[in-house]
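Participant: One structure, pasted below without further comment.
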Amino acid sequence: MDATEETRIPVSMIGKVVFASLQIDPHPPLLTWLRDDLSRMVVQHRAGRVLLDLSGTLSLDAYEFEHLVATGRALKLLGARTVLVGMRPGVVAALAALDVDLAALPGARDVEQGLALPLP
């Protein structure tokens, strides 16, 4: 395993929910691996929801956010709703200043709230 492979984001299951926690600031290859890993888990486990925990993410630019939105749209085609959880207020404020569509994916304060959101 090379150094870049060591930084892959672990993806696990919480019941029938796919869960991934970004504890580092993302970069394009990492986001691509994450999309692929999430897609595989959604299909394998027939998951109806994906929680992306961003509490460990200190910064997120418009490109990285749009990559997460595109991942959420892809997962929706596979039958899973993506919820962003734990975003830091500073990250949200920075994205708002960049005029990205913050409503593109639902958000929740924390994992507990994300698990409690009703599925559409």
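No value in this document is a laboratory result; all are computed from the given coordinates. Note that the coordinates shown come from a computational prediction; the quantities given were computed from them, not determined experimentally. Quick reminder, even Gly has a Cβ in these numbers, built from the backbone with ideal geometry, and neighbours come from all protein chains shown.
Participant: Of G48, V18, V85, which is farthest along the charge dipole of the chain in the positive direction, counting Lys and Arg as +1 and Asp and Glu as -1 at C-beta?
Facilitator: Value computed over the given set: G48.
Participant: Just want to confirm a number: the relative contact order over the chain, from Cα pairs under 8 angstrom separated by 6+ residues, in percent.
Facilitator: Values: 182 pairs, mean separation 28.9, N = 120.
Relative contact order comes out at 24 percent.
Participant: Let me ask something additional. Given +1 on the Cβ of Lys and Arg, -1 on the Cβ of Asp and Glu, and no further charges, what dipole in debye does segment 9-81 carry about its Cα centre, rounded to the nearest 20?
Facilitator: Using Cβ point charges on Lys, Arg, Asp and Glu, segment 9-81 gives about 540 debye.
Participant: So what's the Cα pair-distance distribution over segment 70-114, bin width 10 Å, in %?
Facilitator: 26, 50, 24, 1
Participant: Want the number for R73 to L117: 0.36 nm per residue separation, take away the alpha-carbon distance, what's left?
Facilitator: Net length gain for the segment: 14.0 nm.
Participant: Dipole magnitude of segment 49-120 about its Cα centre, charges +1 at Lys/Arg Cβ and -1 at Asp/Glu Cβ only, in debye to the nearest 20?
Facilitator: 300 debye
Participant: Let me have the 222 nm mean residue ellipticity of the chain computed from DSSP H runs of 4+ only, each contributing -39500 (n - 2.57), with the sum over all residues rounded to the nearest 500.
Facilitator: Per the formula, -13000 deg cm²/dmol.
Participant: Please state, rounded to one decimal and in Å, the Kirkwood hydrodynamic radius that segment 3-116 gives when every pair of distinct Cα atoms enters the mean of 1/r.
Facilitator: This gives a value of 14.0 Å.
Participant: Taking other Cβ within 10 Å of each residue's Cβ, how do K16, K76 sort, fewest first?
Facilitator: Ordered from fewest to most neighbouring Cβ atoms within 10 Å, K16, K76 come out as K16, K76.
Participant: Quote to one decimal, in nm, the extra length available between H27 and R109 on full extension: 0.36 nm per residue of separation minus the C-alpha distance between them.
Facilitator: 27.2 nm
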